[in-house]
Amino acid sequence: MRKPKMFVYCSLLVVAILAMISLKRCSSQGLNNDFGVVKSSDTVYVAIEYSPLSLYMYDDTLGGFNNDLLKLIERKENISIKMIPVVSLSESLTQLENGKYDILAAQVPVTAEFREKYIFSDSIYLDKQVLVQKRDTLGQFNVKSQLDLAGETLCVVSGSPVVDRIKNLSNEIGDTIRYKLEEKYGQEQLFMMVATGDIKYAVISEKIAKTLLPNYPNVSINTAVSFNQFQSWILNKSNVEMRDSLNVWLNRARQTEEYRNIYSKYFN
């Protein structure tokens, strides 16, 4: 039983590597933008989360909402955007702080705690965090409400602000909810680990979970862990000019037919 599971995880890592190679080939060279915030190399460096919603590869084709939106901005603003696929959120945040990336495009809710560390773009979309758990042979699942989380241990991606939500939820229900930080894998992999029985519970983005759910009828994502929250792209707190320019680019992109088609493709 261990071999199929290891094959699944290894396959996910191979696909991520292939996506990285393809992005290096596909990065186009653009002109200076009119806001004066692009680096001297005339390139905006974006760390993009590898997930079914943000960035994925299928039959040598790259897709994903964040990927398609960034390509639209690149075309419309006549700038060069280099996307670097990432899996580890905590590592990506560290590299963002160190200046390796200009922007981190990932499924990260805007929270008060994160606002103390980073600045955010305008909202990209709404999402919430849900519990991923297996169903039994009768299709039932253990945790039907947040009160049932008392005494349980939830796996979350290291660096995610959902940790703060779990702490607050523990106080709200008046009981202990433990959490375990996953350093190596992202949200998609945590979903897969629940599906294969390697871990009992995980908390991930509902939109990511919904893209994976059709292939895993033995999994439930019915229990919400948070309310709907704004999802935005993250920038270094000192990079205010880039944030302001990014918001202008996003606003102009949203006024196009191409954007409406992209949004409809992934969210409708």
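The values are calculated or read from the model by the stated rules, or taken from the named source; none is laboratory data. Keep in mind the model is a prediction, meaning the values are calculated, not measured. Methodologically, a virtual Cβ is constructed for each residue, glycine included, from the backbone with ideal geometry; neighbour enumeration extends over all protein chains shown. The accessibility values were calculated without ligands, DNA or RNA, using every heavy atom of the protein model including side chains. Shrake-Rupley method; radii C 1.70, N 1.55, O 1.52, S 1.80 Å.
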**Prompt:** Among the residues of the range 159-178, which ones are touching a strand residue (DSSP E or B) at 6+ places or on another chain (Cβ under 9 Å) and either buried (at least 18 other Cβ atoms within 10 Å of the Cβ) or in a helix (DSSP H, G or I) (or both)?
**Reply:** Gly159, Ser160, Pro161, Val162, Val163, Arg165, Ile166, Lys167, Ser170, Ile177
**Asked** Which residues, taken from the range 220-259, are touching a strand residue (DSSP E or B) at 6+ places or on another chain (Cβ under 8 Å), among the β-branched types (Val, Ile, Thr) and outside any loop (DSSP other than H, G, I, E, B)?
**Response** Ile221, Thr223, Ile234, Val240
**Complete:** Taking the range 207-231 and keeping only residues that are of a type in the set (S, T, N, Q) and touching a residue at least 24 places away in the same chain (Cβ under 8 Å), one is left with Thr211, Asn218, Ser220, Asn222, Thr223, Ser226, Asn228, Gln229, Gln231
**Complete:** Filtering the range 232-244 for residues that are surrounded by 21 or more Cβ atoms within 10 Å (Cβ to Cβ) and either under 26 Å from Leu149 (Cα atoms) or small (Gly, Ala, Ser) (or both) leaves a count of 1
**Asked** Looking only at the range 179-191, which residues are open to solvent by 20 Å² or more (accessible area, probe 1.4 Å) and either farther than 29 Å from Tyr263 by Cα or at pLDDT 95 or above (or both)?
**Response** Tyr179, Lys180, Leu181, Glu182, Glu183, Lys184
**Message:** Could you check the range 248-263 and list, in sequence order, the residues that are within 19 Å of the chain's Cα centre (by Cα) and either at pLDDT 95 or above or open to solvent by less than 50 Å² (accessible area, probe 1.4 Å) (or both)?
**Reply:** Leu250, Ile262
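Residues are listed down the side, and each one gets a yes or a no for (1) open to solvent by less than 60 Å² (accessible area, probe 1.4 Å); (2) at pLDDT 75 or above; (3) not hydroxyl-bearing (Ser, Thr, Tyr):
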site	(1), (2), (3)
Met1	no, no, yes
Ser28	yes, no, no
Val37	yes, no, yes
Ser51	yes, yes, no
Val108	yes, yes, yes
**Request:** Answer yes if at least one residue in the range 124-135 is within 16 Å of the chain's Cα centre (by Cα) and open to solvent by 70 Å² or more (accessible area, probe 1.4 Å), and no otherwise.
**Result:** yes
**Asked** Only one residue in Glu113, Glu97 is open to solvent by 40 Å² or more (accessible area, probe 1.4 Å), touching a residue at least 40 places away in the same chain (Cβ under 8 Å) and touching a helix residue (DSSP H, G or I) at 6+ places or on another chain (Cβ under 7 Å), so which one is that?
**Response** Glu113
